[in-house]
C-alpha cells in the first residue's frame with residue numbers, strides 16, 4: 001500500500017503541510033502513525049479526498065466530452081501573423097496551447113486573463129517517479 005507523509009500529501013494536493021495537518025486533525029482526511037510516529041496518509045485515502053475536491057472550473061463538464069479542465073492565469077502570449085502560443089499557469093502546472101492569432105483576439109486573451117485549458121486527448125502518457 002502506498003502511503004504519504006504530510007509534506008508529500010501537501011505537495012500532491014497543491015496545499016501547505018499545515019493545511020493537510022488541519023484536514024487530518026478535523027477528520028476530513030484519515031492518517032495513521034507509522035513506526036516512527038509520523039502521520040501517514042494512505043494513497044487511496046488521499047486519492048479519494050483529491051477526487052472529492054475536484055471541481056468543474058467553468059461549469060461545462062456536463063456539456064463536453066473533454067474531462068481535463070484546468071483553470072489558470074494566462075502568463076504569456078507569443079503571436080505571429082497567423083498563429084499564437086498561449087501559456088497558462090494552472091496551479092503548479094504550465095499548460096501551453098497553440099492556436100490561431102484570430103482565436104486569441106476573439107477570446108480577448110491577454111497576459112493576466114483567467115482562462116480554462118480544456119484538454120482532450122486519446123494519447124496521454126503516464127509516468128511514475
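Each reported figure results from applying straightforward, stated rules to the coordinates on display, with no laboratory input. Note that the structure is predicted; figures quoted are calculated from it, not measured. Positions of Cβ are backbone-derived with ideal geometry, glycine not excepted, and every protein chain shown enters the neighbour counts.
Computed quantities for the displayed model
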read-out	value
Extended-chain gain in nm, criterion 0.36 nm per residue less alpha-carbon gap, residue 28 and residue 100	21.5 nm
Antiparallel content of DSSP bridges confined to region 11-125, in %, to 5	100 percent
Rounded tilt (10° steps) of 43-53 against the dominant C-alpha axis of the chain	50 degrees
Fully extended contour minus Cα-Cα distance, from residue 11 to residue 89, at 0.36 nm per residue	26.4 nm
Fewest-first sequence of 62, 45 by Cβ atoms within 10 Å of each Cβ	62, 45
Binned Cα-Cα distance frequencies in the chain - 10 Å width, integer %	11, 31, 29, 19, 9, 2, 0
Rg followed by Dmax, in Å, when region 1-62 is reduced to its Cα trace	12.8, 46
Normalised convex hull volume, region 61-119, alpha-carbon set, Å³ per residue	83 Å³
Computed [θ] at 222 nm, deg cm²/dmol, the chain (DSSP H ≥ 4; -39,500 (n - 2.57); rounded to nearest 500)	-7500 deg cm²/dmol
